[in-house]
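Note sheet for the following structure.
The values are calculated or read from the model by the stated rules, or taken from the named source; none is laboratory data. The structure displayed is predicted, hence computed values, not measured ones. Glycine gets a Cβ as well: all are built from the backbone with ideal geometry, and neighbour counts include every protein chain shown.
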Amino acid sequence: MRLFKTKRYLDDEGGAISAFVLVMFLTMIVGGGMGIDFMYHESERAELQDALDRGVLASASFEIENYEGTTEAQRTAFIAARVESYLRSNNLIARRNPNINVVSTISANSRRISVTGTYDIDTFFLKLVGINSLTVSGTSAAETSTRELEISLILDNSGSMYGDKIIDLISSANNFVDLMITPETRDFTTISLIPFTASVNLGADFASYYNVNIWHDYSYCVQFPQESAFNVTSISSTDPYQQIQHLQHHGGPHAVCPSATVLPFSNDPIALKAAIGTMINGGNTSTWAGMKWGVALLDPGTRPVVNALIADNKVDPIFANRPAAWNDSTTTKIVVLMTDGKNTELFSMEPNVYNQTGTTPWRSQANADYWDGRRVNEGDADDVLTITNFIDEDDPSNNRYEGDARLINICNAAKVDIPGTDRDRIIVYTIVFDVPEGENAYMRMQDCASSVSRFYHVSAGDLNSAFTQIAGSINRLRLVD
């Protein structure tokens, strides 16, 4: 009987499922535990990655002149210590004490920092299958670079910039020059200074590189013969241009043509600040004229002029073949345009009254001498002056000016996309200074800027802040990994 019961027990398969359930239960526990371990690992990895990103960004943006040491090895050691200090400011990372490897590349116009961090964490459930730890790792890299920079600095010198305003502008523009041209950046940065009032004075020297009919030596502004000139960014060095008459319109000096002249393609902060220091307020406002010349000095079609200036030792030879091609991925072209008012009138004298000396031709130095210091008033407009860009006489209340159309046309030409990219040919920053919100100048400068974020509306005392912010924006920082 006992043998029979033993055999029946051994043959009974009713409890076999219990072993299977037990195995499955243990598998589920281990599998679920593994998921917890992996989630814990991912959480730690994300924390490490965030710390690495912040560390390299902070270190890459640190001004290179503040780095300790002068050799690449010394600066690499300084960067490594700086990155580690940022990482260890995170309490979790500090407790983990990761192994950190920093690789940096430093050149005159860029810094690239790559950081890898690793450490191990203990597992809980994975130990059941023989995995006692998991490695947490992260890699981040950052690069700061101003690349090759071509900048046109276009500044309003009109009569409304009187008193403290022109002083504030000179100081702010000087600060901008110091921020953009340093010993580390001067080999790849040019600034062209373009002061404007009712026109732009090229100066005798720079005008000689264009086909200008020069007939007096008082000032060197030129006329654009066609409205279509403002639909394109270029100014030909071979097409003929007429020198604007020397005219002082009720308040000078030389209000039609400003006294301060263009300084092209300079990387010399001393020369630039000296030129800025010659700016004097006086005359009407033609923002379109300043913008036209500023954009032209960024157009690749101006390259023959630059190369001629280099040949004459007037521009640094390292800037041969500037302005760069539109699609040159290593170069950024910038306009910084500042004004404190709307486009107003441009006055020029009628030929029949200009010749007061009986000379032939009437465009002569003698005629310019006759009118030097003689003020021509608006009351003489019918028989002495030709007025262009005047207020729309059909509806003077709407503040629409012919000059506004010229300005918007040249701004739009500057912002055309580079073929095959979504990048503008020129990045346009605009500053409207001491103008009520919503007025004509406010709206036109907002329209001209590349984006709302590149339009600055400032009041007295804030002009320097706008130039400083623009300088910081130009020196952008970007993550590369």
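So if I check each of Ile276, Ile334, Ile310, which one is assigned by TED's automatic domain parsing to the domain that holds Arg444 and surrounded by fewer than 21 Cβ atoms within 10 Å (Cβ to Cβ)?
Ile310
Please enumerate the residues belonging to region 412-471 that are of a type in the set (A, V, I, L, M, F, W, C) and part of a helix (DSSP H, G or I).
Within region 412-471, Ala413, Ala414, Ala441, Met443, Met445, Cys448, Val452, Leu463, Ala466, Phe467, Ile470, Ala471 qualify.
I need a count of the residues in region 261-286 that are modelled with pLDDT of 95 or more and among the hydroxyl-bearing types (Ser, Thr, Tyr).
3
Take the residues in region 215-231 that are in contact with a helix residue (DSSP H, G or I) (Cβ under 8 Å, 6 or more places away or on another chain) and surrounded by fewer than 16 Cβ atoms within 10 Å (Cβ to Cβ), then tell me which one is farthest from Gly282 (Cα to Cα).
Among them, the one singled out is Asn231.
Can we say Ser172 is in a strand (DSSP E or B), polar (S, T, N, Q) and crowded, with 20+ Cβ neighbours inside 10 Å?
no
From the residues in region 453-472 that are of a type in the set (Gly, Ala, Ser) and under 17 Å from the mean Cα position of the chain (by Cα), which one is farthest from Leu169 (Cα to Cα)?
Ser453
Hey, Pro304 hits all of (1) over 24 Å from Val177 (Cα atoms); (2) part of a loop (DSSP other than H, G, I, E, B) but one; which does it fall short on?
It is condition (2) that Pro304 fails.
Based on this model, can you work out whether Thr182 counts as out of contact with any strand residue (DSSP E or B) (no Cβ under 6 Å at 6 or more places or on another chain) and surrounded by fewer than 23 Cβ atoms within 10 Å (Cβ to Cβ)?
So Thr182 passes the test.
I'd like the residue in region 215-244 that is of a type in the set (S, T, N, Q) and part of a loop (DSSP other than H, G, I, E, B) and, out of all such residues, is farthest from Ala366 (Cα to Cα).
Filtering region 215-244 for residues that are of a type in the set (S, T, N, Q) and part of a loop (DSSP other than H, G, I, E, B), the one farthest from Ala366 (Cα to Cα) comes out as Thr233.
Going through Gly130, Gly138, Gly203 one at a time, which residue ends up being within 24 Å of Pro264 (Cα to Cα) and more than 26 Å from the chain's Cα centre (by Cα)?
Going through Gly130, Gly138, Gly203 in turn, the sole match is Gly203.
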